[in-house]
Amino acid sequence: RTGITHDYSRKMDVIESLTLLPENAPKEFKDSATLWNAVEAIEKRKDAQLFREIEVSLPREQTHQQNKELVLAYCDSHFVSEGMCATVAFHSSKSENPHAHIMLTTREVSEEGFGKKNRQWNERGLVEQWRKCWAEHVNEHLEKNHIDERVDHRSLVEQGISREATVHLGPVAHEMEKRGMHSERGDINRDIEMRNSHQNLESSKGLSAVDEMDQAREGFKVHKEAEQELISIQKAKKSKEYIHSMNISLAKSIEEKALRELKIEQERREEKEVQQAKEKVSKEQAPQEQEREIFKGMQR
């Protein structure tokens, strides 16, 4: 549409990308550029929704090929079989967070191209259903690959677990922590882990399920309050550092100005003293000159 080519081949964290199509979709849509240019071409409104994106975290215990089989099976079962075209991009970054981005079309598709929007795909209830199905697919593939770990799409509170959830580090904080440096999110997680450890000791004394639920809610509330307090402290700290640096800069400027004025005053004083010394010498030499003139006259 614009004539501009966008080249993302230098994105180093993208391992692989591919497009999945329903049986009745045009075969040329297998090329992602053709597919998504067709998506843009069919939309007339400037604020139209072009696609729906789903991001899934992949088990680190599995190989890329195993995770690829997992994602493709999930997409075929819940998106492609419903008539959506799906472009999948697999990412693996330094933060040890393998994940996949799934871009889904929003219109019905046939051999002639795209038709009307399918509004049923926008139902909010599908989000929870897709999350649940993803957890089921992950656990099925983990079991098939003889891996003991399991995942659950529900929150800890919904599972009846009193443990407080940690926050996502992200690539920057993860890299800092990996180098032995403390990050803001890392400090939050350390506080959460300490509270969880303390809570485990309390739970071992025989708390009821209701009490554990209440503690989990209270723990989450405490976590959010601690997070907000930490953010406020960081902002205040930055503000103080800025004011301190400004004060240092201002004091330095005043000091430099005072030194310049002092130097100028000293030069003036020295110049005045030299002038006064010259005048004094001139006055002392005047009578001697007169006596020399008189003496010369007498000689003549």
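Tell me yes or no: at least one residue of segment 146-167 is acidic (Asp, Glu), under 29 Å from the mean Cα position of the chain (by Cα) and over 30 Å from residue 72 (Cβ atoms). Walk me through how you get there before you give the answer.
Just the residues of segment 146-167 that are acidic (Asp, Glu), to begin with: 148-149, 152, 158, 164.
Still in the running and under 29 Å from the mean Cα position of the chain (by Cα): 149, 152, 158, 164.
Then keep just the ones that are over 30 Å from residue 72 (Cβ atoms); that gives 164.
Yes; the residues of segment 146-167 include at least one that is acidic (Asp, Glu), under 29 Å from the mean Cα position of the chain (by Cα) and over 30 Å from residue 72 (Cβ atoms).
Considering 109, 88, 80, which residue is over 30 Å from the mean Cα position of the chain (by Cα), within 14 Å of residue 18 (Cα to Cα) and aliphatic (A, V, I, L, M)?
80
Suppose the filter is assigned to a helix (DSSP H, G or I) and either of a type in the set (Val, Ile, Thr) or at pLDDT 90 or above (or both); does residue 151 pass it? Show your work before the answer.
Values: assigned to a helix (DSSP H, G or I): no; either of a type in the set (Val, Ile, Thr) or at pLDDT 90 or above (or both): yes.
Here the answer is no, as residue 151 does not meet what is asked.
Residues in segment 37-48 that are open to solvent by 90 Å² or more (accessible area, probe 1.4 Å) and either aliphatic (A, V, I, L, M) or over 16 Å from residue 116 (Cα atoms) (or both): how many?
3
To keep it simple, each residue is scored yes or no on (1) more than 30 Å from the chain's Cα centre (by Cα); (2) among the β-branched types (Val, Ile, Thr); (3) modelled with pLDDT of 95 or more; (4) open to solvent by less than 30 Å² (accessible area, probe 1.4 Å).
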position: 7; (1), (2), (3), (4): no, no, no, no
position: 21; (1), (2), (3), (4): yes, no, yes, no
position: 24; (1), (2), (3), (4): yes, no, no, no
position: 35; (1), (2), (3), (4): yes, no, yes, yes
position: 50; (1), (2), (3), (4): no, no, no, no
position: 72; (1), (2), (3), (4): no, no, yes, no
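What's the total number of residues in segment 18-34 that are touching a helix residue (DSSP H, G or I) at 6+ places or on another chain (Cβ under 9 Å) and farther than 20 Å from residue 71 by Cα?
Qualifying residue count for the region: 4.
What residue, among those in segment 61-70 that are in contact with a helix residue (DSSP H, G or I) (Cβ under 9 Å, 6 or more places away or on another chain) and in a loop (DSSP other than H, G, I, E, B), is most open to solvent (accessible area, probe 1.4 Å)? Working first, answer last.
At the first step, the residues of segment 61-70 found to be in contact with a helix residue (DSSP H, G or I) (Cβ under 9 Å, 6 or more places away or on another chain) are 61-62, 66-67, 69-70.
Next, from what is left, pick out any that are in a loop (DSSP other than H, G, I, E, B): 61-62.
Details: 61: 102, 62: 15 Å².
Filtering first and then ranking leaves 61.
Regarding residue 126, is this residue in a helix (DSSP H, G or I), free of Cβ contacts under 8 Å to residues at least 12 places away in the same chain and open to solvent by less than 100 Å² (accessible area, probe 1.4 Å)?
yes
Scan segment 164-185 for residues that are over 18 Å from residue 228 (Cβ atoms), part of a loop (DSSP other than H, G, I, E, B) and of a type outside the set (A, V, I, L, M, F, W, C) and report the count.
Counting residues in segment 164-185 that are over 18 Å from residue 228 (Cβ atoms), part of a loop (DSSP other than H, G, I, E, B) and of a type outside the set (A, V, I, L, M, F, W, C) gives 3.
Condition check ((1) farther than 26 Å from residue 198 by Cβ; (2) open to solvent by 50 Å² or more (accessible area, probe 1.4 Å); (3) modelled with pLDDT of 80 or more; (4) of a type outside the set (S, T, N, Q)) across all residues:
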residue	(1), (2), (3), (4)
142	yes, no, yes, yes
161	no, yes, no, yes
168	no, yes, no, yes
175	yes, yes, no, yes
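Which members of segment 77-107 meet the condition of being surrounded by fewer than 16 Cβ atoms within 10 Å (Cβ to Cβ) and touching a strand residue (DSSP E or B) at 6+ places or on another chain (Cβ under 7 Å)?
Within segment 77-107, just 101 meets the criteria.
The values are calculated or read from the model by the stated rules, or taken from the named source; none is laboratory data. Just so it is clear, the structure is predicted and the values come from calculations on it, not from any experiment. Virtual Cβ from ideal backbone geometry, glycine too; neighbours counted across all protein chains shown. Areas reflect the complete protein model, heavy atoms only, side chains present, ligands, DNA and RNA absent. Shrake-Rupley method; radii C 1.70, N 1.55, O 1.52, S 1.80 Å.
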